[in-house]
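The values are calculated or read from the model by the stated rules, or taken from the named source; none is laboratory data. For clarity, every value in this text was computed on a predicted model and none was experimentally measured. Every residue, glycine as well, gets a Cβ built from its backbone with ideal geometry; the counts of neighbours run over all protein chains shown. The area values use the complete protein model at the heavy-atom level, side chains included, leaving out ligands, DNA and RNA. Shrake-Rupley method; radii C 1.70, N 1.55, O 1.52, S 1.80 Å.
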Amino acid sequence: MKRAVYPGSFDPVTYGHLDVIRRSAALVDELIVGVLQNNHKNPLFSLQERVKILHEVTKDMSNVRIESFTGLSIDFVRTCGAQFLVRGLRAITDFDYELQMAQTNRIMAKEIDTIFLTTSLEYAYLSSSTVKEVAYYGGDISKFVPPEVAQAISRKIHPQTGISEA
Ligand code: PNS
């Protein structure tokens with residue numbers, strides 16, 4: 001059984017993440033999306049919310065499972081019994097950090113390989129932070145995230161006005 005884990009913060013999931021999820025799920029028997037409970041960051045969405053949103057937007061993908069984890073990604077990959085860790089590479093600016101992470105993870109677990117998927121061009125400059133900033137200033141985020149995510153962001157950022165980006 002070929003299994004991969006795609007770890008990340010997913011605060012919230014974007015079309016760029018979904019592109020990586022869909023394409024990596026096609027390469028393996030099972031893809032586990034690992035949502036990090038990151039105590040160092042101050043996320044817009046709670047861990048439970050991020051997991052719930054991911055469940056909703058991946059419900060048509062039968063071999064994709066959503067799980068949360070704490071600690072090191074590589075330990076989570078090992079616990080899942082997966083052989084691969086998936087990461088998306090958007091632009092050259094991602095490269096240093098991702099390479100450092102992949103090399104360190106490889107030293108910690110030489111049986112696990114990191115697979116990099118280059119993000120589709122239309123999502124090359126997309127990030128959760130950019131989406132949140134655009135939404136914060138009332139911009140249209142419908143090209144960046146699925147409608148259910150846009151609504152969830154809207155409810156968080158503009159709870160009184162109920163401005164909807166979808
Ligand atoms: O979506 P992100 O925020 O780019 O994902 C980064 C993530 C969660 C993959 C990375 O920060 C991570 O793996 N954090 C867990 C701790 C860890 O394993 N650090 C890397 C040590 S080499």
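Quick rundown of the values:
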item	result
Subset of the range 90-119 [within 23 Å of THR14 (Cα to Cα), among the hydrophobic types (A, V, I, L, M, F, W, C) and modelled with pLDDT of 95 or more]	LEU99, MET101, ALA102, ILE115, PHE116, LEU117
Any chance PHE76 is over 21 Å from ALA124 (Cβ atoms), modelled with pLDDT of 95 or more and within 10 Å of the ligand (Cβ to nearest atom)	yes
Residues satisfying the stated conditions in the range 118-129, i.e. surrounded by fewer than 16 Cβ atoms within 10 Å (Cβ to Cβ), under 24 Å from ALA26 (Cβ atoms) and within 12 Å of the ligand (Cβ to nearest atom)	SER127
Filtered residues of the range 87-101 (kept if near the ligand (Cβ under 10 Å from one of its atoms), open to solvent by less than 70 Å² (accessible area, probe 1.4 Å) and either assigned to a loop (DSSP other than H, G, I, E, B) or free of Cβ contacts under 8 Å to residues at least 40 places away in the same chain (or both))	ASP94, GLU98, MET101
Test: residue in the range 54-63 that is within 14 Å of the ligand (Cβ to nearest atom) and under 15 Å from the mean Cα position of the chain (by Cα)	yes
Test for SER24: is it away from the ligand (no atom under 12 Å from the Cβ), modelled with pLDDT of 95 or more, over 30 Å from HIS158 (Cβ atoms) and surrounded by fewer than 21 Cβ atoms within 10 Å (Cβ to Cβ)	no
Any chance GLU49 is more than 11 Å from the ligand (Cβ to nearest atom) and in contact with a strand residue (DSSP E or B) (Cβ under 7 Å, 6 or more places away or on another chain)	no
Number of positions in the range 55-82 that are more than 11 Å from THR114 (Cβ to Cβ) and either loosely packed, with under 12 Cβ neighbours inside 10 Å or out of contact with any helix residue (DSSP H, G or I) (no Cβ under 7 Å at 6 or more places or on another chain) (or both)	16
Residue in the range 27-46 that is nearest to the ligand (Cβ to nearest atom), counting only those that are of a type in the set (A, V, I, L, M, F, W, C) and open to solvent by less than 80 Å² (accessible area, probe 1.4 Å)	LEU36
Options LYS132, LYS156, LYS143, LYS110; residue that is in contact (Cβ under 8 Å) with a residue 12 or more places away in the chain, open to solvent by 30 Å² or more (accessible area, probe 1.4 Å), basic (Lys, Arg) and part of a loop (DSSP other than H, G, I, E, B)	LYS143
Residue tally, condition in contact with a strand residue (DSSP E or B) (Cβ under 9 Å, 6 or more places away or on another chain), more than 11 Å from the ligand (Cβ to nearest atom) and of a type in the set (Phe, Trp, Tyr), over the range 10-21	0
Verdict on ILE115 being surrounded by 14 or more Cβ atoms within 10 Å (Cβ to Cβ), under 14 Å from PRO7 (Cβ atoms) and in contact with a His (Cβ under 7 Å, 6 or more places away or on another chain)	no
